[in-house]
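My questions will all concern the structure given below.
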Amino acid sequence: MNIVFDFGGVLFRWHPPSFLARVWPHRVPDAEAGQAVAAQFFQHYAGDWGAFDQGLIGADEVIARIARRTGWPAAEVAQVVGAVADELQLLTPTAELIQDLKAAGHRLFYLSNMPEPYADHLERSHPLQQWFDKGVFSGRVKQSKPGAEIYRIAIERFGVAPESCLFLDDHPANIEAARAAGWQALHFTTADAVRPQLRERGLLGL
């Protein structure tokens, strides 16, 4: 089986409401309050941040756009954009799952919505080439999930059949798009939660 991992919220920590509560305590007192601020800041990964995800604009431009759109000071917006790389901490249970899947003989790939600066950071900070055969970052192909084109690009780059891929992602829209593209897919919440589902499919031992 070819198992394809999302990154943010799957292999690396990414929960915008709690992230903003840590970075912007003067604006976001807790994660609950962070829900609305995260929706305004990241626009559900459309709009300004979506263009950044797709590599259509750089960090300076996304900072300027968010500041103009929201009225938040550009320096504060820059603080958030600059803190994202450090927020993307490795989730050890998922790293262990990767090792177990590799030991079981599966090929592993990744498909991640990730602006180029953060993609560069993850490549510098983690042995992605050891963990994965190949991967696709949205910022480098100018497409993003859940758009159909990035799934086509991924299949072409991986050199595998869509039906041979099992995609693990934390966003239901991305799961639905993968299935529409002919992939198998599982909604990822935690590594511990997905392990039994992988065992049911015969992809992991007991």
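The values are calculated or read from the model by the stated rules, or taken from the named source; none is laboratory data. This structure is a prediction, so every number in the text was calculated from the model and none was measured. Using ideal geometry, Cβ is built from the backbone for each residue, glycine included, and neighbour counts are taken over all protein chains shown. Keep in mind that these areas ignore ligands, DNA and RNA; they rest on the heavy atoms of the full protein, side chains included. Shrake-Rupley method; radii C 1.70, N 1.55, O 1.52, S 1.80 Å.
So, R0 is 22 Å and r is the distance between the beta-carbons of Asp133 and Arg179; what FRET efficiency does that work out to, to 0.05?
Numbers: r = 22 Å, r/R0 = 1.00.
Approximately 0.50, to the nearest 0.05.
Suppose a student asked you for the relative contact order of the chain, using Cα pairs under 8 Å spaced at least 6 residues apart; what percent would you report? Before the final figure, lay out the partial values.
On the way: 316 pairs, mean separation 53.6, N = 206.
Computed over the chain, the figure is 26 percent.
If packing is taken as the mean number of other Cβ atoms within 10 Å per residue, what is the order of 147-158, 63-74, highest first? Intermediate results must be reported in sequence, preceding the final value.
Values: 147-158: 18.1, 63-74: 15.5.
Per-residue mean Cβ counts within 10 Å order the peptides as 147-158, 63-74.
Which far-off residues, 5 or more places away or on another chain, put their amide H under 5 Å from the one on Val160, with H placed in the peptide plane?
Counting only residues 5 or more places away or on other chains, the set is empty.
Under the Karplus relation 6.51 cos²θ - 1.76 cosθ + 1.60, θ = phi - 60°, what is the ordered set of whole-Hz ³J(HN,Hα) values for the range 66-82, x standing for Gly and Pro?
Working through the residues one at a time gives 5, 4, 5, 5, 9, x, 5, x, 4, 5, 6, 4, 4, 4, 5, 4, x Hz.
With all protein chains present, how much of the accessible area of the chain (probe radius 1.4 Å) comes from carbon and sulfur, to the nearest whole percent?
On the way: 4670 of 9270 Å².
It is 50 percent, rounded to a whole number.
How large is ³J(HN,Hα), in whole Hz, for each residue of the range 126-138 in order, when computed from phi with the Karplus curve 6.51 cos²θ - 1.76 cosθ + 1.60 and θ = phi - 60°, using x for Gly and Pro?
Those phi angles translate into 9, x, 4, 5, 7, 7, 10, 5, 8, x, 10, 9, 4 Hz.
Right, next: For the chain, what does -39500 (n - 2.57) per DSSP helix run (n ≥ 4), summed and divided by total residues, give at 222 nm, in deg cm²/dmol to the nearest 500? The partial results should precede the final answer.
Working: 12 runs with 113 residues, N = 206.
Here the helix-only value at 222 nm equals -16000 deg cm²/dmol.
Can you list residues whose amide H is under 5 Å from Phe12's amide H, if they're 5+ apart or on another chain and H is modeled 1.01 Å from N?
Long-range HN contacts for Phe12: Leu91.
Expected output is a single nm value to one decimal: the length gained when fully extending between Ala95 and Ala64, i.e. 0.36 nm times separation in residues minus the C-alpha distance. What is it? Working shown, then result.
Working: separation 31, 0.36 × 31 = 11.16 nm, distance 3.54 nm.
Extra length from Ala95 to Ala64 when fully extended: 7.6 nm.
If Lys and Arg each add +1 and Asp and Glu each add -1, what is the summed charge of the other residues whose beta carbon sits under 13 Å from the beta carbon of His15? Intermediate results must be reported in sequence, preceding the final value.
On the way: positive: Arg13, Arg22; negative: Asp30, Glu32, Glu87, Asp170.
It works out to a net charge of -2.
Calculated FRET efficiency, Leu56 and Ala148, Cβ-Cβ r, R0 22 Å, to nearest 0.05? List each step's numbers first, then the result.
On the way: r = 18 Å, r/R0 = 0.81.
E(calc), rounded to 0.05, equals 0.80.
Using only the alpha-carbon atoms, what does the range 1-145 span along each of its principal axes? Please give whole angstrom values in decreasing order.
Largest to smallest, the principal-axis extents are 51, 31, 23 Å.
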